[in-house]
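Right, one structure below, let's go through it.
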Amino acid sequence: MNRKMIRILSPLSVMMVAVFDIAAIALGAFSVKKLLEQVDFYTVSFLVIELIVLVVAVLTTRELLKNGVRFDDTALEFTGLDENNRFAYEAIEKIDTHKDTKVSLKKNFVERYSSIILYTKDGTVTTVELGLTTKRKLKKIENEIKKRTDF
């Protein structure tokens, strides 16, 4: 089978990172414009701060785009986790997914997270929280896992 990567992009995170990136670029243009008009301590300081903001914006965007599920020939890997993030296909016995879609004004964001529950053949159960995702993205990940594990 081929390698495949399904990115887990929360619509809220994409919107917030896009606003942050646009603001960083706008502030960069403003700081360069002010530096060309007048060179003093404040404009140089503002430019240095702006360069730090641009670095943070690039790193945040890269981290957002890096999170997802990577499918290899023998295993799947959740790239958003630090450890215990790789599961072999032959070790997976069953998979369940969960996403709360009921209407409620009392629930917070954490209670709306999508989760994948992996049951392995050695009896362990692993729940992976994917964060805020769409139902379509969760179904796509579930179908890919089922296809590769022959359920």
*Kindly indicate the residue of the range 3-24 that is more than 21 Å from GLY80 (Cα to Cα) and free of Cβ contacts under 8 Å to residues at least 24 places away in the same chain and also nearest to the chain's Cα centre (by Cα) among those meeting that condition.*
VAL19
_Condition first: under 22 Å from the mean Cα position of the chain (by Cα) and surrounded by 12 or more Cβ atoms within 10 Å (Cβ to Cβ). Now tell me which residues in the range 26-55 satisfy that._
VAL53, LEU54
_Testing GLU83 on (1) open to solvent by 30 Å² or more (accessible area, probe 1.4 Å); (2) at pLDDT 80 or above, one condition comes back false. Which one is that?_
(2)
*Is one or more of the residues making up the range 119-139 part of a strand (DSSP E or B), open to solvent by 40 Å² or more (accessible area, probe 1.4 Å), at pLDDT 80 or above and among the hydrophobic types (A, V, I, L, M, F, W, C)?*
yes
*Any chance you could count how many residues in the range 57-89 are in contact (Cβ under 8 Å) with a residue 12 or more places away in the chain and assigned to a helix (DSSP H, G or I)?*
7
*asked:* So, in the range 1-42, exactly how many residues are of a type outside the set (A, V, I, L, M, F, W, C), assigned to a helix (DSSP H, G or I) and over 22 Å from ARG136 (Cβ atoms)?
replied: 7
*Hey, among the residues in the range 56-68 that are buried (at least 16 other Cβ atoms within 10 Å of the Cβ) and touching a Ser or Thr at 6+ places or on another chain (Cβ under 9 Å), which one's farthest from ALA18 (Cα to Cα)?*
GLY68
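The values are calculated or read from the model by the stated rules, or taken from the named source; none is laboratory data. Computed from a prediction, not measured in an experiment: that's the story for all the values here. Counting neighbours? That spans all protein chains shown, and the Cβs are built from the backbone with ideal geometry, glycine included. Accessible surface is based on the protein model in full, side chains and every heavy atom, while ligands, DNA and RNA are left aside. Shrake-Rupley method; radii C 1.70, N 1.55, O 1.52, S 1.80 Å.
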